[in-house]
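Visitor: Let me give you the structure first, and then I'll get to my questions.
Here, each number is a calculation from the coordinates, and none is a lab measurement. Model, not experiment: these values are computed from the prediction. A quick note on method: Cβ atoms are made from the backbone with ideal geometry, for glycine too, and the neighbour counts reach across all protein chains shown.
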DNA sequence: AACCATGCTACAAATAATGTAGCATGGTGT
DNA sequence: ACACCATGCTACATTATTTGTAGCATGGTT
């Protein structure tokens, strides 16, 4: 799976539009999860593995390389952490946390009323 | 692939936390793309296929079912469209459009300066 | 030197996505 | 009624991705 560089061809678009590269990237298994879990602070490889609960080391490493190439994360002596751009991205998606709770509630309410 | 219901077990979490179900869902191939493309208005199955450029009908149908079950989209006579909750979700992620352009620019600048 | 922990690779098995063909249904025109 | 289309969607073989497990290599401790 080639890294979805903005400007190049990505899954779902030959136009090279940055948003398409981004959606391709974020749509890969665990990419969003890694970003989400890194927000709680830098983590070593094994620590990150635990935060993700079930990710295989093979895939974790693959995603880390992609995210590093695309400058969303960086590795320091403290381990892996969000880059400034990664933080920006996280700030955009962070409302998903609260939103998902309301959404879950709505789904439950609906399954109760519509027997 | 079972539908990631909040409250149930999903990829990456046994806790049932809604955010984990959501990240699982959005991390599936094409899920974000479908939501993104539906924002420009309702679309029939074939129209949506074209907007996505390269999605296979098999997968499109699979994702549509998931998104419908989780109430992010609904199908009317006009075709598929975002549900009110889907619109909410889109509103959260819509800044990704502009963000991705800056990001693409930063990546290009960096590849120029750091030969 | 034996012992750990860590980052990460190898690789086979399991699962998911793609691509293409085409069926079933519901119009429209004749 | 009948041929002709478009649409929504399924079938299914091929290909790509993900998982799970084992374990290697490096660096620090005792």
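Visitor: I'd like the mean, over residues of B:104-113, of how many other protein chain beta carbons sit within 10 Å of each residue's own Cβ.
Guide: Mean inter-chain Cβ contacts per residue within 10 Å come to 3.
Visitor: For B:39, A:37, what ranking results if the residue with the fewest other Cβ atoms within 10 Å of its Cβ goes first?
Guide: B:39, A:37
Visitor: Using Cβ contacts closer than 10 Å as the measure, can you line up B:55, A:34, B:3 from fewest to most?
Guide: Details: B:55 21, A:34 29, B:3 17.
In order of increasing Cβ crowding within 10 Å: B:3, B:55, A:34.
Visitor: Ignore the peptide's own chain and count Cβ atoms of other chains within 10 Å of each Cβ in A:63-71; give me the average, rounded. Present the calculation step by step, with values, prior to reporting the outcome.
Guide: On the way: counts 0, 0, 0, 0, 0, 0, 1, 3, 4.
Going residue by residue through A:63-71 and averaging, the value is 1.
Visitor: For residue A:61, go 7 angstrom from Cα along the Cα-to-Cβ vector, then report the distances to that same point in the other copies in nm, smallest first.
Guide: Label point to label point, same position, other copies: 3.9 nm.
Visitor: When you look at the Cβ of every residue in A:2-10, what mean number of other chain Cβ atoms sits within 10 Å?
Guide: 2
Visitor: Now, a different point. Hey, how many Å between the Cα centroid of segment B:1-44 and the Cα centroid of segment A:1-69?
Guide: 16 Å
Visitor: Inter-copy label distances at residue B:97, 7 Å along the Cα→beta-carbon direction, one decimal in nm, shortest first?
Guide: Here the equivalent label points are 2.7 nm apart from this one.
Visitor: Oh, and also: Distances from residue B:39 to the same residue in each other copy, label points 7 Å out along Cα→Cβ, in nm, shortest first?
Guide: 1.8
Visitor: Shifting gears a bit: Springs between alpha-carbon pairs under 10 angstrom, Gaussian network model over chain B: which of B:83, B:100, B:40 fluctuates most?
Guide: In this elastic network of chain B, the residue with the biggest mean-square fluctuation among B:83, B:100, B:40 is B:100.
Visitor: Pick out which of A:67, A:82, A:96 has the largest mean-square fluctuation in a Gaussian network model of chain A, springs linking Cα atoms closer than 10 Å.
Guide: Looking only at A:67, A:82, A:96, the largest GNM fluctuation is found for A:96.
Visitor: Most exposed first by the Cβ proxy, i.e. fewest other Cβ within 10 Å, how do A:108, A:20, A:1 rank?
Guide: Numbers: A:108 13, A:20 23, A:1 8.
In order of increasing Cβ crowding within 10 Å: A:1, A:108, A:20.
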